[in-house]
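Notes follow the structure.
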Amino acid sequence: PGCVGYVAEDAGVIVGTYFLRPAQPGRGNHVANAGYMVAPEARGRGLASRMCGHSIEVARRMGYAAMQYVYVVSTNTAAVRVWEKHGFLVVG
C-alpha cells in the first residue's frame, strides 16, 4: 500500500524509472521515500530532475507530509546535485 512506480520513455524506449513508497511502515508512513534509475544513454538530459519533480507532485497528491532519501552515496554527486536543486538538504 502506498507504493507506486513510473517509467520515463523516449520514442517508446524506457530511459528511466522511479518508485515512491512510505519511508517506514506504521508511524513513518506519512514520509515518502523514492528511488530513481536513469539509463546510461539518457544521462545528462535532466531526466532525474524531471522525475524528482514528478515524484514530489505525486507524493503530495498521495497525502505524504514529507519526503526523504536514504543511502545516497556522497560520491554520487549528480544525484546529490539534483536533490539539492529540489530543496532537499544533506543531513548525514
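The values are calculated or read from the model by the stated rules, or taken from the named source; none is laboratory data. Predicted model, so just to flag it, every value in this text is computed and none were measured. Virtual Cβ from ideal backbone geometry, glycine too; neighbours counted across all protein chains shown. Only protein heavy atoms, including side chains, enter the accessible area calculation; ligands, DNA and RNA are left aside. Shrake-Rupley method; radii C 1.70, N 1.55, O 1.52, S 1.80 Å.
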Please go through segment 72-92 and give me each residue that is out of contact with any helix residue (DSSP H, G or I) (no Cβ under 8 Å at 6 or more places or on another chain), part of a loop (DSSP other than H, G, I, E, B) and closer than 18 Å to Thr17 by Cα, ordered by number. Asn76
Test set (1) in a loop (DSSP other than H, G, I, E, B); (2) touching a residue at least 24 places away in the same chain (Cβ under 8 Å) - Gly53 fails condition number: (1)
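Can we say Gly16 is modelled with pLDDT under 95, assigned to a strand (DSSP E or B), of a type outside the set (Val, Ile, Thr) and open to solvent by less than 30 Å² (accessible area, probe 1.4 Å)? So that I can check it myself, show each step before the final result.
Values: modelled with pLDDT under 95: no; assigned to a strand (DSSP E or B): yes; of a type outside the set (Val, Ile, Thr): yes; open to solvent by less than 30 Å² (accessible area, probe 1.4 Å): yes.
Considered against the rule, which asks whether it is modelled with pLDDT under 95, assigned to a strand (DSSP E or B), of a type outside the set (Val, Ile, Thr) and open to solvent by less than 30 Å² (accessible area, probe 1.4 Å), Gly16 comes out as no.
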Within the set of pairs 6 or more residues apart or between chains, which connect a residue that is within 14 Å of Met51 (Cα to Cα) and aliphatic (A, V, I, L, M) inside segment 1-27 to a residue that is in a loop (DSSP other than H, G, I, E, B) and open to solvent by 40 Å² or more (accessible area, probe 1.4 Å) with Cβ atoms less than 9 Å apart? Val4/Met62; Val15/Arg45; Leu20/Cys3; Leu20/Met62
Here the residues within segment 19-44 that are under 20 Å from Tyr71 (Cα atoms), in contact with a strand residue (DSSP E or B) (Cβ under 8 Å, 6 or more places away or on another chain) and open to solvent by 40 Å² or more (accessible area, probe 1.4 Å) are Phe19, Arg21, Gln24, Asn29, His30, Tyr36, Met37
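Of all residues in segment 66-92, which are more than 15 Å from His30 (Cα to Cα), buried (at least 16 other Cβ atoms within 10 Å of the Cβ) and aromatic (Phe, Trp, Tyr)?
Trp83, Phe88
Does Ala32 fit the bill of being touching a helix residue (DSSP H, G or I) at 6+ places or on another chain (Cβ under 9 Å) and part of a strand (DSSP E or B)? Can you show your working first?
Working: touching a helix residue (DSSP H, G or I) at 6+ places or on another chain (Cβ under 9 Å): yes; part of a strand (DSSP E or B): yes.
Taking the combined requirement at face value, the residue satisfies it.
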Of all residues being open to solvent by 60 Å² or more (accessible area, probe 1.4 Å) and either among the hydrophobic types (A, V, I, L, M, F, W, C) or in contact with a helix residue (DSSP H, G or I) (Cβ under 8 Å, 6 or more places away or on another chain) (or both) in segment 51-65, which is farthest from Ala79 (Cα to Cα)? Just the residue, please. Met62
